[in-house]
Each structure stands twice: as structure tokens, then as C-alpha cells.
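Quick notes on the structure that follows.
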Amino acid sequence: MTDPHNITFPRPRDDEPFAWGLSGPEPREIWERFSPAYEAQLERLVTTLRGMGFSPTIGGAGSEDGEYVRAEYDQNSRVVFFYHLEDPADARFIASLDDEALRAWIVESWIGG
């Protein structure tokens, strides 16, 4: 079994279904797991969370709601970040944030909120 805290990119593809289906024969949209855009966005989110003192894990592949990032805040071991990545609107939202805005959103919504 792979250590869920030891996330490396690119991730090996699994055989789990896609929460929203695919727009074509292969994943290509930012909300389709394993597309280049999805993997780059997930890597950016994981790297940002780690840099802010979180321990992120990825789960939910194949579920109705799709894959998510769950992260404990290392200072108090509370799960204070949980975000679905296969929802098109959520994926577009994260993509719309530059690095500074992403960090600010995490602080405002998940640490300070």
C-alpha cells in the first residue's frame, strides 16, 4: 500500500471511474483525473498546502463526489482543509487563483474561518 502522505507526481493512473465522466476518450479537462491540467493543479495545491504546514492526502477516487484533497494542519492535527477536485466548478475556481490568492483563500476559508 502506498503512503498517502508520500504523494509524487505524475501519479500512476488507476482504474477507478471518473466522477463526472470524461469529455472524450482520455482525460483532458482540468476536472478529469490524470489529465495534464488536473495533475498540475493537484500538484500545485499539494505543494502549497505542504508549504503552509499541512499534511495533505488524496482520496475519494471512484466515488460519486470524486477525488478530494484532505489535509491536517500540522500545528494542531485538525483536518481543516477538504476540497473536491473533480467538480468542474471547483476545479475552475482553483485554477482562477494565482499562488498568492490560493494561499489567501486557504487561510481565510480553512484556517481563519
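The values are calculated or read from the model by the stated rules, or taken from the named source; none is laboratory data. This one's a predicted model, so the numbers in the text were calculated from it and none came from an experiment. Reconstructed Cβ throughout: ideal geometry from the backbone, glycine too, with neighbour counts over all protein chains shown. Areas reflect the complete protein model, heavy atoms only, side chains present, ligands, DNA and RNA absent. Shrake-Rupley method; radii C 1.70, N 1.55, O 1.52, S 1.80 Å.
Around residue 28, with a cut-off of 15 angstrom between Cβ atoms, what is the net charge of the other residues, counting Lys and Arg +1 and Asp and Glu -1? Local charge sum for residue 28: -2.
In terms of the Cα gyration tensor, with a ≥ b ≥ c the square roots of its eigenvalues, is the stretch 67-113 rounded because a/c is under 1.5, prolate because a/b exceeds b/c, or oblate? Judged from the Cα gyration tensor, the stretch 67-113 comes out oblate (a/c at least 1.5, b/c at or above a/b). Dividing the mean sequence gap of close Cα pairs (under 8 Å, 6+ apart) by how many residues the chain holds gives a relative contact order of 22 percent. Rolling a 1.4 Å probe over the protein heavy atoms of the chain, with every protein chain left in place, gives an accessible area that is 50 percent carbon and sulfur. Against the chain, whose longest principal axis comes from its Cα atoms, helix 36-51 is set at around 20 degrees. Counting only DSSP H runs of at least 4 residues, each contributing -39500 (n - 2.57), and dividing by the residue count of the chain, the helix-based mean residue ellipticity at 222 nm comes to -9000 deg cm²/dmol.
With a 1.4 Å probe and every protein chain left in place, work out the accessible area per residue of the chain in Å², rounded to a whole number.
Values: 6410 Å² over 113 residues.
Per-residue value: 57 Å².
Most tightly packed first, judged by the mean number of other beta-carbon atoms within 10 Å of their residues, the peptides 6-16, 41-51 read 41-51, 6-16.
Extending 7 Å from the Cα toward the beta-carbon at both residue 11 and residue 95 defines two label points whose distance is 1.8 nm.
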